[in-house]
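**Student:** This is the structure I want to talk about, given as structure tokens.
The values are calculated or read from the model by the stated rules, or taken from the named source; none is laboratory data. Given the structure is predicted, the values throughout are model-derived calculations rather than measurements. Virtual Cβ from ideal backbone geometry, glycine too; neighbours counted across all protein chains shown. Surface areas here come from the heavy atoms of the whole protein model, side chains and all, with no ligands, DNA or RNA. Shrake-Rupley method; radii C 1.70, N 1.55, O 1.52, S 1.80 Å.
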Amino acid sequence: MRLLRRDGLRSLEREIVELGRVKLRMARVKSIISDNRELARFVNSWSLRCAEPLRDYCRSVLSRLVNYFTPESINELLSEVLARGLSVEAVLILLSQCDLLQCGDYAVREYVETGRVDVNQLMGILQGEGVRISPEDLKAVINGDYRVNQARSNRLSWLPRFIRPHR
């Protein structure tokens, strides 16, 4: 009787292991097959709209997202964000937490609907992924003020500091 139980348990254990392997195989989805040039153009076109300190980060997030979602759906979301006058960078930071199995889009939907985002949450995400940016710069990027400030400071960068006009 004991031998039957051991064999029964072993076969049951073997079946559980096999089922686990089957589930993992079923959960894996092949990435969307498309022309790599088109995907690169898509990623570059949206990443160029991001502010300079986060441009490389946005490029890497977009490159990951096109493996999980169609470029059309990403384009639709980001176009909606631009139409509402919101920050593409903030949405991409929030979307960086999405993968194929888990994508909590509540924070993205709340930002698109209300226009409010928690800067501390964004800073935590960026620090968790190794991106260094000051909270003031991140706030300026989200508010859309970063590019304006950079353009002003670069225009007169060749002048000595004491001659530059005070803002």
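**Student:** Going through region 78-93 one residue at a time, which ones are in a helix (DSSP H, G or I) and over 17 Å from Leu122 (Cβ atoms)?
**Tutor:** Result: Ser79, Glu80, Leu82, Ala83.
**Student:** Exactly one condition in (1) in contact (Cβ under 8 Å) with a residue 40 or more places away in the chain; (2) surrounded by fewer than 14 Cβ atoms within 10 Å (Cβ to Cβ); (3) over 15 Å from Ile142 (Cα atoms) is not met by Trp46; state its number.
**Tutor:** (2)
**Student:** I want to confirm something. Restricting to region 120-136 and keeping residues that are of a type in the set (A, V, I, L, M, F, W, C) and assigned to a helix (DSSP H, G or I), which single residue is farthest from Val61 (Cα to Cα)?
**Tutor:** Per the stated criteria, the residue is Met123.
**Student:** Here's a check for you: in region 76-120, which residue that is farther than 19 Å from Gly144 by Cβ and hydroxyl-bearing (Ser, Thr, Tyr) is surrounded by the most Cβ atoms within 10 Å (Cβ to Cβ)?
**Tutor:** In this case the residue turns out to be Ser96.
**Student:** Leu101: at pLDDT 90 or above and either under 26 Å from Asn67 (Cβ atoms) or in a helix (DSSP H, G or I) (or both), yes or no?
**Tutor:** No: the conditions fail for Leu101.
**Student:** For Glu89, work out the one condition from (1) within 15 Å of Leu62 (Cβ to Cβ); (2) modelled with pLDDT under 90; (3) of a type in the set (D, E, K, R) it doesn't fulfil.
**Tutor:** (2)
**Student:** For a quick check of your reading of the model, give me the residue pairs whose first member lies in region 49-67 and is closer than 13 Å to Leu95 by Cβ and touching a residue at least 60 places away in the same chain (Cβ under 8 Å), whose second is open to solvent by 10 Å² or more (accessible area, probe 1.4 Å) and hydrophobic (A, V, I, L, M, F, W, C), with beta-carbon atoms closer than 6 Å and at least 6 apart or on different chains.
**Tutor:** Taking only residues 6 or more apart or on different chains, the pairs are Tyr57/Val131.
**Student:** Does Tyr68 meet the test of being among the aromatic types (Phe, Trp, Tyr), over 17 Å from Ile142 (Cβ atoms) and within 12 Å of the chain's Cα centre (by Cα)?
**Tutor:** It is true that Tyr68 is among the aromatic types (Phe, Trp, Tyr), over 17 Å from Ile142 (Cβ atoms) and within 12 Å of the chain's Cα centre (by Cα).
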